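Following: one structure in structure tokens, then a few remarks.
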Amino acid sequence: MSVTTKRRERERAQRHQLIITAARELAEAEGWEAVTTRRLAERVEYSQPVLYSHFDGKDAILRAVAIEGFGELADRLRRARPATPEPSRALHAVCGAYLEFAAEQPALYQAMFVLPTDVKFGHAETPPPLRTAFNEFVSCFDPDDPRRELFAEVTWSALHGMVALSDSGRIPPNGHTERLDLLVTQITATPGGPATPQGGGEGPRT
């Protein structure tokens, strides 16, 4: 590969990332309804044809944002999970990090979990970053329990419910600490609940 070709590929990758970053910033500032190809082209100072050479349209940009978000979520959960915790400590830490992530970047969270997207969950085509994030939950449960992915799914579902209901004003936004404590207590009390992490699972089932 020539030096010129490498430079062009590097510049294209930089433009690609610039568009994704601009979409995220605009969505966090004004909401996803404000994110259009015209607005993005103006923001990154490229023509719309150049933007379309990277993405087919807004849906493709939204997908790229979501996948990037799953990678960041996985990193956040991995950093939060203690290496040698007491039983349930890992689960509490991972769940808390998840709620913090959703609160700090609501538009990104919407792209990942709320807005329509063709990102597949629990499928052979599930993106690796999504699997990695899910496995951080799986890793909080007893590796000898065949239901560990089920525990992870129920936990993730409960957390998403907290986020969605809080964002819509259907439950008070200041009650997450008590809810989280209750959730972890109940999951821990269930046979097969949290144990010292010993590696990830096989990926999302749902």
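Computed values, structure above
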item: Any hit, segment 90-106, residues being in the same structural domain as Ala164 (by TED's automatic domain parsing) and farther than 23 Å from Leu165 by Cα; result: yes
item: Scope segment 1-60; condition part of a helix (DSSP H, G or I) and of a type in the set (Phe, Trp, Tyr); matching residues; result: Trp32, Tyr52
item: Near pairs, Cβ below 7 angstrom, 6+ apart or cross-chain, from segment 158-169 (assigned by TED's automatic domain parsing to the domain that holds Ala107) to any residue that is of a type in the set (A, V, I, L, M) and assigned to a loop (DSSP other than H, G, I, E, B); result: Leu165/Ile171
item: Members of segment 83-113 that are within 11 Å of the chain's Cα centre (by Cα) and outside any helix (DSSP H, G or I); result: Gln105
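The values are calculated or read from the model by the stated rules, or taken from the named source; none is laboratory data. None of the values given here were measured: they were computed from a predicted structure. For neighbour counting, all protein chains shown are included, and Cβ atoms are generated from backbone atoms with ideal geometry for every residue, glycine included.
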